[in-house]
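This report concerns only the one structure given below.
Bear in mind these aren't lab numbers, they're just calculated from the coordinates by the rules spelled out. This is a predicted model, so every value here is computed, not measured.
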Amino acid sequence: MAELTKFGWTIMSPGKEVDISSMLLPQTATADYEQLCKLDVLGIQDTATGDQANVYEEFKEQLTRSAEGWYETPLPWKRNHHPLPNNKAGSLKRLENTVRKLENQGLLEQYDAIIKEQLDEGIVEPAKEQVVAREFYMPHKPVIRESAESTKLRNVYDASAWAYDKAPLLNDCLPNVRPFKINCDQH
């Protein structure tokens, strides 16, 4: 038996089959489906806001490929941002506290192994002795999740660390942009 419902045509069995569950068969044209999936049907448009288009163009211009095959680009600094002060002293103090906490928990060697692995993989790098350009030391802290099945200990880098009260944060100096796709074949 077929009946037109709010969900479209519904076909129902007279109840003599083994599986007596009803089945819905919505009929939708491909064009209707594609139109429904477009964001603009919901009133959402994917357009650049603020200086996002400028950041993307600057990103493409500065993108280089290292000898090891990595794609590299400098951070996309906001234009006319407040000067980011040196936070070395604060970061070293946080590091001392982190080391003390990890020693007390018996996790220092495991955490150190995570940092060394990130050094080997090129995710992090040691700070240079001579300051070449802008300088910001990225403090980090452990996140411990005993209930996790795989990664019970990981480190988190803190781009919202202050050099002093009311100082700008690294996050304040970088534009708030959405991720964008890059066709790496063109670079």
For L174, other-chain or 5+-apart residues with amide H closer than 5 Å (H placed, Pro excluded) are K78
Expected vector for the range 147-162, Karplus 3J(HN,Hα) from phi with 6.51, -1.76, 1.60 and θ = phi - 60°, integer Hz, x for Gly and Pro, equals 7, 5, 7, 10, 9, 7, 10, 9, 10, 10, 8, 10, 7, 10, 7, 8
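Given 0.36 nm per residue, what is the gain on full extension from E135 to W77 after removing their alpha carbon distance, in nm? Each step should come with its number before you reach the end.
Details: separation 58, 0.36 × 58 = 20.88 nm, distance 1.28 nm.
Gain on stretching E135 to W77: 19.6 nm.
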